[in-house]
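Below is one structure; the comments refer to it alone.
The values are calculated or read from the model by the stated rules, or taken from the named source; none is laboratory data. From a predicted model like this one, the values you see are computed outputs, not experimental measurements. Cβ atoms come from the backbone with ideal geometry, glycine included; neighbour counts cover every protein chain shown.
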Amino acid sequence: MQEAKWYKNTNDIIKCNLCSHYCVIKDNSQGVCKVRYRKGDKLYTKVYGRGLSIAIDPIEKKPLYHFLPNTKILSLGTPGCNFHCDFCQNFQLSQYANFWDDSIIAPEQIIFYAKQQNLRSIAYTYNEPTIFGEYLYDVSKLAHTNKIKNVIVSNGYFAKETREELLQFINAANIDLKSLDKKFYSKIVGGNLQKVLENLIWIKRDTKIWLEITFLIIPTLNDSLEEFKNFASWIVDNIGPTTPIHINAFHPDYKLNNLPHTPEYTLKQAKEIFQKYNIKYIYLGNIYSDKEKNTYCPACNTLLIRRDFYKIENKLSNNYCPNCNNFIDGIF
């Protein structure tokens with residue numbers, strides 16, 4: 001184990017300041033994430049460089065559609081998570097702090113591999129990257145030094161006190177905004193919705209991090225028309241209509257095996273409502289229709305980026321539509 005970076009010890013009360021749970025951890029105990037562990041008067045991380053899931057993916061798989069399209073990205077994660085989503089699709093990794101071996105993959109090894117494979121970016125994903133913050137920080141700092149971009153796929157629950165330092169080398173983020181219902185977050189996810197919303201506003205307004213949002217629609221839980229209207233309204237009012245939104249279909253998993261797949265027409269209902277709120281870039285995921293994954297010019301409807309599974313055809317000239325010269329938001 002390695003000593004944690006973000007915690008306070010006040011009169012033998014140890015408080016973790018890495019995420020918005022702010023766990024107060026007793027001796028020989030762990031936080032909500034199962035990987036921040038107190039021993040004596042110190043807090044440790046159990047996952048620094050350990051138990052990694054690592055792969056090379058298309059960046060579109062994150063999903064990121066407006067950040068370095070048609071490139072490959074090195075993806076890595078560890079066990080553990082600070083949420084307990086009943087619908088988690090990576091629950092074998094996120095909900096159990098298991099370690100498959102004792103090997104440590106140093107940040108230098110990650111960078112060496114990324115450069116060896118000519119990869120332009122690294123994604124911290126699979127589980128919640130906040131909970132392996134020390135490792136995230138060290139790898140992303142070294143990547144930045146080597147001119148490699150950094151991406152987080154996150155639930156957005158980082159602590160206000162540490163987020164600026166933790167994410168200072170991050171270039172892009174896809175944040176799962178799971179609902180606009182406080183009870184949904186409390187019961188189904190295990191978190192505080194307001195903390196996530198505050199972090200989304202911070203990313204958009206106070207950082208240079210490119211932001212995209214994923215909204216997973218789950219039948220009977222967050223699939224009402226009222227939910228879609230509230231969601232779209234909040235996006236427009238707080239982080240702007242040019243933020244790309246990925247509306248994804250749910251499939252039964254983990255503790256919600258009793259619920260059906262999300263019908264495609266429900267996703268299209270949500271898209272229609274989002275369009276009425278003038279959201280510019282809307283994508284439907286976990287469905288077969290490739291047309292719903294393409295990027296069109298919001299001004300003239302010209303097809304700009306065709307996505308056939310992960311085969312990409314990009315017609316953009318920098319950030320401008322070749323037909324009408326309209327500016328297209330993103331880092332292309």
Open item on the list: As an exercise: evaluate V189 against (1) aliphatic (A, V, I, L, M); (2) surrounded by fewer than 20 Cβ atoms within 10 Å (Cβ to Cβ); (3) in contact with a Phe, Trp or Tyr (Cβ under 6 Å, 6 or more places away or on another chain) and give the number of the one condition it does not meet.
Closed with: (2)
- [ ] Please determine, by comparing only the residues of segment 63-104 that are out of contact with any Asp or Glu (no Cβ under 8 Å at 6 or more places or on another chain) and among the charged types (D, E, K, R), which one is modelled with the highest pLDDT.
- [x] D86
TODO: Please specify each residue of segment 115-133 satisfying the condition of being within 18 Å of N171 (Cβ to Cβ) and either part of a helix (DSSP H, G or I) or of a type in the set (A, V, I, L, M) (or both).
DONE: K115, L119, I122, A123, P129, T130, G133
Open item on the list: Going through K149, K182 one at a time, which residue ends up being assigned by TED's automatic domain parsing to the domain that holds I217, surrounded by fewer than 18 Cβ atoms within 10 Å (Cβ to Cβ) and basic (K, R)?
Closed with: K182
Open item on the list: It is to be established whether one or more residues within segment 82-95 are of a type in the set (S, T, Y) and surrounded by fewer than 14 Cβ atoms within 10 Å (Cβ to Cβ).
Closed with: no
Task: Where Y37 falls short, out of the listed (1) among the aromatic types (F, W, Y); (2) in a loop (DSSP other than H, G, I, E, B); (3) not assigned by TED's automatic domain parsing to the domain that holds N192 - done: (2)
TODO: Scan segment 140-153 for residues that are touching a Leu at 6+ places or on another chain (Cβ under 9 Å) and outside any helix (DSSP H, G or I) and jot them down.
DONE: I148, K149, N150, V151, I152, V153
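Go through segment 218-242 and count every residue that is in contact (Cβ under 8 Å) with a residue 40 or more places away in the chain and either out of contact with any helix residue (DSSP H, G or I) (no Cβ under 6 Å at 6 or more places or on another chain) or of a type outside the set (A, V, I, L, M) (or both). Steps first, please.
Step one: list which residues in segment 218-242 are in contact (Cβ under 8 Å) with a residue 40 or more places away in the chain, which gives 218-219, 221-223, 225, 227-236, 238, 242.
Keeping just the survivors that are either out of contact with any helix residue (DSSP H, G or I) (no Cβ under 6 Å at 6 or more places or on another chain) or of a type outside the set (A, V, I, L, M) (or both) gives 218-219, 221-223, 225, 227-231, 233-236, 238, 242.
Looking only at that region, the number is 17.
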Task: Test: I218 is on the phi < 0 side of the Ramachandran plot and either in contact with a strand residue (DSSP E or B) (Cβ under 9 Å, 6 or more places away or on another chain) or at pLDDT below 95 (or both) - done: no
- [ ] Go through (1) surrounded by fewer than 24 Cβ atoms within 10 Å (Cβ to Cβ); (2) of a type outside the set (D, E); (3) touching a residue at least 40 places away in the same chain (Cβ under 8 Å); (4) in a loop (DSSP other than H, G, I, E, B) and name the single condition Y137 misses.
- [x] (4)
- [ ] Please give the strands (runs of 3 or more DSSP E) falling wholly within segment 272-332 in which 3 or more residues are in contact with a Lys or Arg (Cβ under 8 Å, 6 or more places away or on another chain) and surrounded by 17 or more Cβ atoms within 10 Å (Cβ to Cβ).
- [x] 282-285, 303-308
